[in-house]
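Asks: One structure coming up, written as structure tokens, with questions to follow.
The values are calculated or read from the model by the stated rules, or taken from the named source; none is laboratory data. Keep in mind that this is a model prediction, so the values were computed, not measured. Note that we place each Cβ from the backbone using ideal geometry, even for glycine, and neighbour counts take in every protein chain shown.
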Amino acid sequence: MGDFDSESEDSDNEGGLGNVSRVVMRPPGHSGKAKRGHLCFDAAFETGNLGRVLLVSDFEYDLFIRPDTCNPRLRLWFHFTVDNIRIDQRVIFNIVNFSKKRTLFLNGMTPLVRSHFRNKWQRMPRKNVYYHKSPYHMSNYILTFSFTFDKEEDVYDFSFSYPYSYSKLQAHLEVIERKNFPHFKRELLGKSIQNRRLDILTITHPKNMTAGQQLRVVVIMARIHPGESPSSFVCQGIIDFLVSNHPIAIILREHIVFKIVPMLNPDGVFLGNYRSSLMGLDLNRWWNSISHWLHPTLHSVFSFLSAIDQDKNMELDFVMDIHAHCSLLGVFVYGNTYDDVFRYERHIVFPKLLAQNTDGYESCNTMYNRDVNKAGSSRRVLCDVLKDSVNCYSLIVSYHGYKHPNVPGVHYYTEESYYRLGRNVVRTYLDYYRITGVVPAAEREPRQARPRRRQPRTKSMHSRSVPGHACHSAMPSSREASAHRVALTFRDDAISGEVEGEKRRVHVWMRRRRCRSQPPPARSKTAPPPPQPPRVNIIDFNTLTRGGLELAKKRDRNAPPY
């Protein structure tokens, strides 16, 4: 575990600070106009990252990731395009300068690929991807994958994970804003160093947007690390579900105010960094020492949280920061541990509920600690500076996939599965607030009306209308009835049945008075008794978390003092 999350030293020969821009790889000795098959690499676009390309042979290329701006030690995210290819051209790409030694590539994760004509991301087959120590690169781990281009006029994209750009977020928010939802409000909370928007979204019932109301508030943040693009997909799933007409969203908007900051590091996302801001800083290590000049987005969010915490009309319940993990599978939560038993028991309820609502929740990866190395993270700082009633979490999802308890193997995460995880987070909030009594237990989600499918009426032929047809001859024998299943459907005066296995119909004539069904018993008109208010106390969740407090105390004894 010593080098599980450790980073390597500075990469040598990075060859400049920027991304490659329309670099054509010509073979040695070739001059003049590039021919078809001389690959053209490009990463000079939003979220792009590729620093340098070396031609090893006619079909093999060494690719160097561009380090984060002002931080050469961070190199993991890559996203680039290749064109000017020859049909059926087969190549081998080696990404040779990862700063992480052990990643999910060891567990079978593969890069993503798409083309402009087939604009859907797909994972490369595992048989074409190798993650290994290379003796030609100082025994460092390199990612090698082979690929065959099948269309000459196409442009191919390769990426570490599903990209989610700053422009995509702005376009999505504009689409929601144009719908003029009364329960949705978009505001400018601040701006980044490069003057990009720091949006904050308010999603609640219109009556909760007026001053003077006693409100409960949930704050959700995402994308503080620009390379963790899955967090943006999860956040979008939360936003889309909350603004929808789903009964769960309607109930939550009635009682809760959701404040969402979908992108905390817009500059880093735009530049294609892995973990740093424009200044080369990991913003999730500076919550305890915020500078208005170095961390303008953190300064705006921290001031906003402090204002809510001091507002007498607002009760801040949750602060959740969404991340992605490059070494672990599934979805899990990082929380805090407290000396106060009641606060700790309340703190571990939400992760337990999330585990029941989410496929692939990894309880073994969930941790509640006071790690000194994470002292500057939002989870650790905000739990100390805000009220004791506030629950601060880091929700973390894997880049790769999850394991289902009933199905073997790893299930790959897709864009849709990240959206679904966001919807499950919203459902967990409803479960939590029902248990705590904020949402009345009697207030159930109304059933959505389902359109009825009209079944065509079958014309049944009465046996009397068939000349020379006897009723007793049409009835199957007892032996036939036992050998075949007879499906019967009632139609007015007749019963028509079809014997499976034989292409013949059985029509039995019955008199009308015999086919009449008995009238249903009269229903009682007395109103049902009113539902009882919830009696479940928050501490009753000890049955779900038995032994959690003792384990946390054992960890604290071994941990260094904070």
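Asks: Hey, among the residues in the range 323-342 that are in contact with an Asp or Glu (Cβ under 8 Å, 6 or more places away or on another chain) and modelled with pLDDT of 95 or more, which one's nearest to Ala222 (Cα to Cα)?
Replies: Filtering first and then ranking leaves His323.
Asks: Sticking with this one: Give me a count of the residues in the range 25-47 that are over 14 Å from Val91 (Cα atoms) and either of a type in the set (Phe, Trp, Tyr) or touching a Phe, Trp or Tyr at 6+ places or on another chain (Cβ under 6 Å) (or both).
Replies: 3
Asks: Next question. Sort out which residues of the range 209-232 are more than 25 Å from Glu415 (Cβ to Cβ) and either surrounded by 17 or more Cβ atoms within 10 Å (Cβ to Cβ) or not β-branched (Val, Ile, Thr) (or both), and write them in order of number.
Replies: Residues satisfying the conditions are Met209, Ala211, Gly212, Gln213, Gln214, Leu215, Arg216, Val217.
Asks: Please give the number of the condition Ile290 fails out of (1) aliphatic (A, V, I, L, M); (2) buried (at least 19 other Cβ atoms within 10 Å of the Cβ); (3) in contact (Cβ under 8 Å) with a residue 40 or more places away in the chain.
Replies: Every listed condition holds for Ile290 apart from (3).
Asks: Select from the range 212-231 the residues that are out of contact with any Leu (no Cβ under 7 Å at 6 or more places or on another chain) and either under 18 Å from Phe160 (Cα atoms) or basic (Lys, Arg) (or both) and list them in ascending order.
Replies: Arg216, His225, Pro226, Glu228, Ser229, Pro230, Ser231
Asks: For the range 308-323: of the residues being touching a strand residue (DSSP E or B) at 6+ places or on another chain (Cβ under 9 Å) and more than 18 Å from Gly422 (Cα to Cα), which is surrounded by the fewest Cβ atoms within 10 Å (Cβ to Cβ)?
Replies: Asn313
Asks: Within the range 177-195, which residues are hydrophobic (A, V, I, L, M, F, W, C) and assigned to a loop (DSSP other than H, G, I, E, B)?
Replies: Result: Phe181, Ile193.
Asks: What's the number of the only condition in (1) closer than 21 Å to Phe45 by Cα; (2) more than 18 Å from the chain's Cα centre (by Cα) that Thr202 fails to meet?
Replies: It is condition (1) that Thr202 fails.
Yes/no per residue for (1) farther than 21 Å from His299 by Cβ; (2) free of Cβ contacts under 8 Å to residues at least 12 places away in the same chain; (3) aromatic (Phe, Trp, Tyr); (4) surrounded by fewer than 23 Cβ atoms within 10 Å (Cβ to Cβ):
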| site | (1), (2), (3), (4) |
| --- | --- |
| Lys191 | no, no, no, yes |
| Gln194 | no, no, no, yes |
| Lys207 | yes, yes, no, yes |
| Val234 | yes, no, no, no |
| Leu252 | yes, no, no, no |
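Asks: Somewhere in the range 244-253, is a residue polar (S, T, N, Q) and in the same structural domain as Ala43 (by the TED database)?
Replies: no
Asks: Go through the residues of the range 315-323 one by one and say whether even a single one is free of Cβ contacts under 8 Å to residues at least 24 places away in the same chain and of a type in the set (D, E, K, R).
Replies: no
Asks: Which one of these is at pLDDT below 95 and either assigned to a strand (DSSP E or B) or over 30 Å from Arg73 (Cβ atoms) (or both): Glu152, Glu174?
Replies: Just one listed residue meets the conditions, Glu152.
Asks: For Leu198, state whether it is in the same structural domain as Leu283 (by the TED database) and touching a Gly at 6+ places or on another chain (Cβ under 6 Å).
Replies: Judged against the criteria, Leu198 is a match.
Asks: Still on this structure, I have one more. When you scan the range 378-415, how many residues do you find that are part of a loop (DSSP other than H, G, I, E, B), surrounded by fewer than 18 Cβ atoms within 10 Å (Cβ to Cβ) and not hydroxyl-bearing (Ser, Thr, Tyr)?
Replies: 8
Asks: Could you list all residues from the range 58-105 that are under 15 Å from Phe147 (Cβ atoms) and among the hydroxyl-bearing types (Ser, Thr, Tyr)?
Replies: Tyr61, Thr81
Asks: While we're looking at this one, here's another question. Which residues, counting only those in the range 78-136, are in contact (Cβ under 8 Å) with a residue 60 or more places away in the chain, over 21 Å from Leu328 (Cβ atoms) and hydroxyl-bearing (Ser, Thr, Tyr)?
Replies: Listed by number, the list holds a single entry, Thr81.
Asks: Next up: Look through the range 17-37, keep the residues that are under 42 Å from the mean Cα position of the chain (by Cα) and among the basic types (Lys, Arg), and return whichever of them is farthest from Cys70 (Cα to Cα).
Replies: This residue is Arg36.
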